[in-house]
Amino acid sequence: MENGKVVAISISDNKGEKKRNIDKAKLVKGLGIENDAHAEGGERQVSLLADESITRVKKDGLKVLYGDFAENIVTKGVDHNRIRLGDTIMIGDEAVLKVTKIGKECHSPCNIFKQVGYCIMPEEGVFCSVEQSGKIHVGDRVNVLKPDPSKKPRSPFFR
């Protein structure tokens, strides 16, 4: 088990745009984050990005804020390089996510790339389905639980 915390939660009204930050949200089983443009089910219901990744691109001179890569949840202290398909992620006391995709196919160039000038989601984004509904808050703990090792990966981005 790996522990970290939520440092940002972000939602948007439309897909392909920077997201705005909020202090708390409700994760809805089978859909995603309530009031987010991506809350429609499928395998990319919720996106996660590491604060450490955002800090790295800031050091490279990119001026970005949380939500600029259209990520829903930014974590700190969780090594996203160790996350695998099928991992279960618990946020706070209620919400449970399951990792369904690591990285994503990106339009060339996508709207985020056009707005920000760079996008790390195709390689570093972690996408999840909501397995158990629950409320989350900035500052909540994030626990990554490892999956059943007999399960096979479902994504070409599996590392």
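The values are calculated or read from the model by the stated rules, or taken from the named source; none is laboratory data. Just so it is clear, the structure is predicted and the values come from calculations on it, not from any experiment. Cβ atoms come from the backbone with ideal geometry, glycine included; neighbour counts cover every protein chain shown.
Worth pointing out:
- Among residues of the stretch 78-97 that are under 18 Å from V28 (Cα atoms) and without any contact (Cβ under 8 Å) to a residue 60 or more places away in the chain, those with a beta-carbon under 9 Å from a residue that is basic (K, R) and in a loop (DSSP other than H, G, I, E, B) at least six positions away or on a different chain give the pairs T88/K146; V96/K29.
- Among residues of the stretch 4-42, those that are free of Cβ contacts under 8 Å to residues at least 60 places away in the same chain, charged (D, E, K, R) and either surrounded by fewer than 18 Cβ atoms within 10 Å (Cβ to Cβ) or in a helix (DSSP H, G or I) (or both), counted: 5
- I54 meets each of the listed conditions (1) touching a helix residue (DSSP H, G or I) at 6+ places or on another chain (Cβ under 8 Å); (2) at pLDDT below 95 apart from (1).
- Residues of the stretch 60-88 classified as touching a Ser or Thr at 6+ places or on another chain (Cβ under 8 Å) and more than 21 Å from G139 (Cβ to Cβ), total: 2
- Taking the stretch 43-54 as the range and being in a loop (DSSP other than H, G, I, E, B) and either closer than 15 Å to A70 by Cβ or of a type in the set (A, V, I, L, M) (or both) as the test, the residues that pass are R44, Q45.
- Within the stretch 66-85, the residues that satisfy the criterion of being at pLDDT 90 or above, surrounded by fewer than 23 Cβ atoms within 10 Å (Cβ to Cβ) and over 20 Å from K146 (Cα atoms) are Y66, G67.
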